[in-house]
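The values are calculated or read from the model by the stated rules, or taken from the named source; none is laboratory data. Since the structure is predicted, the reported quantities are computational estimates derived from the model, not experimental observations. Methodologically, a virtual Cβ is constructed for each residue, glycine included, from the backbone with ideal geometry; neighbour enumeration extends over all protein chains shown. Ligands, DNA and RNA are stripped out before the accessible areas are found, and what is left, the full protein with its side chains, is counted by its heavy atoms. Shrake-Rupley method; radii C 1.70, N 1.55, O 1.52, S 1.80 Å.
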Amino acid sequence: MQDFSFHTHTIGFDGRNTVEEMIETAQNLGLKKLGISNHFIVYPTIKETKMYEAAARRGYQNIYSATFDEAIERFKPHYEEIDRLKEKSGLKIYKGMEVDFFASNQWRDGFEKTVEILKPDYLIGSAHFVEYKDTLCNSHDLKNAAKEEQKLLLHKYWQNVRATAQSNLFHFLAHLDLMKKVGLGLGDEWIEDECRTVEAISSSSMRAEINTSGFKLSYGEPYPSKRILSLFAKYDVPVIISDDAHNVERLGDRFDEAFQMAKQCGIRHFYDPFAGQKDDFSSFKEQNRFL
Ligand SMILES: [Zn+2]
Ligand SMILES: [Zn+2]
């Protein structure tokens with residue numbers, strides 16, 4: 001089994017357990033490395049959206065920030081806590097982020113400044129939203145949109161994923177076909193978008209994730225689908241298996257199953273961002289032109 005997990009969330013953001021509890025469980029499961037990757041979502045008008053209101057009602061509004069400074073202030077004490085716990089932990093602990101990429105120069109400048117200040121060990125690129133008419137739509141907005149608008153939004157979603165890959169800012173991309181969460185993007189008409197996206201990933205320096213939280217849905221597959229896993233094999237994109245654990249129960253969940261499925265789809269290369277690295281990550285950071 002893959003003995004590390006790099007896509008996890010904790011209390012203070014939208015996870016349900018503390019960093020300490022996640023480390024303890026990872027250790028009991030026999031994992032050798034654990035990365036904590038809470039959401040980093042910065043968008044100027046995010047607090048005016050309905051989804052922000054909904055998040056506030058459920059108590060996880062902290063994942064959304066209107067400015068980079070606000071997000072940096074949230075991550076500072078969180079990273080300090082990880083640094084403290086790292087010292088006494090028996091396994092290797094890494095500071096990550098699951099970042100929503102927005103394609104503008106302003107966003108990129110703010111994000112580069114953030115990385116200089118917070119110095120994360122690794123970065124996950126993701127697209128949970130679509131920018132539309134000066135606001136952000138999430139998966140539920142997509143689900144509730146009129147048919148024609150829905151198609152347009154889903155195309156925009158795939159464009160975002162490609163832009164995230166082409167940014168070369170991240171180590172791997174999260175849950176490519178996230179929109180199947182609300183039943184979107186399943187038909188054959190989406191194969192072209194999927195192909196172009198996997199092609200964009202393979203020509204970037206990025207890798208992709210197999211996210212076992214997709215097994216919660218009724219399709220019997222992780223994110224992404226078998227159809228996309230076969231494209232990973234065709235374009236030789238290395239993959240990393242993630243649980244996207246928002247609580248201790250989900251750590252390492254169904255890793256074996258995801259691994260077998262990847263093999264069946266022809267995937268040969270599996271990715272560990274810290275394979276063969278010493279305790280300091282200088283050589284790893286040298287390889288990555290951004291960190
Ligand atoms: Zn996510
Ligand atoms: Zn996540």
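Taking the dipole about the Cα centre of segment 4-287, with the C-beta of Lys and Arg at +1 and of Asp and Glu at -1, give me whichever of Ser65, Phe75, Phe13 is farthest to the positive side.
Among Ser65, Phe75, Phe13, the one farthest towards the positive end of the dipole of segment 4-287 is Phe13.
From the protein chains alone at 1.4 Å, what is the descending order of accessible area for Tyr94, Tyr271, Tyr219, largest first?
So the residues, ranked largest to smallest area, are Tyr219, Tyr271, Tyr94.
For a label point 7 angstrom out from the Cα of Glu87 toward its Cβ, which stretches of segment 13-56 have the backbone nitrogen within less than 14 Å?
none
Summarise the accessible area of the chain (1.4 Å probe, protein heavy atoms) by the percent that is carbon and sulfur.
46
With +1 on the Cβ of every Lys and Arg and -1 on the Cβ of every Asp and Glu, and nothing else charged, how large is the dipole of the chain about its Cα centre, in debye rounded to the nearest 20?
280
Considering only Ile210, Ile241, Ile228, give the residue with the highest GNM mean-square fluctuation for the chain, with springs between Cα atoms whenever their separation is below 10 Å.
Sorting by GNM fluctuation, first place goes to Ile228.
Just read off the accessible area of Thr67 with the full protein assembly in place, 1.4 Å probe, to the nearest 10 Å².
Solvent-accessible area, nearest 10 Å²: 70 Å².
What percent does the relative contact order of the chain come to when contacts are Cα pairs within less than 8 Å and at least six residues apart?
19
Which order do you get for Arg196, Arg58 if you rank them by accessible area with a 1.4 Å probe, largest at the top?
Arg58, Arg196
Between rounded, prolate and oblate, where does segment 146-229 land on the alpha carbon gyration tensor, with a ≥ b ≥ c its root eigenvalues, rounded for a/c under 1.5, else prolate if a/b exceeds b/c?
Taking the square roots of the gyration eigenvalues as a ≥ b ≥ c, segment 146-229 is oblate.
Looking at this model, which pairs from Lys92/Lys156; Lys76/Lys263; Lys88/Lys119; Lys113/Lys263; Lys147/Lys226 are more than 29 angstrom apart at the alpha-carbon?
As for pairs spanning more than 29 Å Cα to Cα, those are Lys92/Lys156; Lys76/Lys263; Lys113/Lys263.
What trypsin sites (Lys or Arg not before Pro) does segment 107-154 have in DSSP loop regions with at most 12 other beta carbons within 10 Å?
Sparse-neighbourhood loop trypsin sites (Lys or Arg not before Pro): Lys133.
Run a plain Debye calculation on the chain (Cα atoms as equal point scatterers, no solvent) and give log10 I(q)/I(0) at q = 0.12 Å⁻¹, rounded to two decimals, same order as the q list.
Listed by q, the Debye log ratios stand at -0.74.
In a shell of Cβ-Cβ distance under 14 Å around Phe68, excluding Phe68 itself, what net charge do Lys and Arg (+1) and Asp and Glu (-1) give?
Result for the local shell: -3.
Which percentage, to the nearest 5, of the DSSP beta bridges contained in the chain is antiparallel?
About 15 percent, rounded to the nearest 5.
With a 1.4 Å probe and all protein chains in place, put Lys216, Lys181 in order of accessible area, largest first.
So the residues, ranked largest to smallest area, are Lys216, Lys181.
For His7, what is the net charge nearby, where nearby means another residue's Cβ is under 10 Å from its Cβ and Lys, Arg count +1, Asp, Glu -1?
-4
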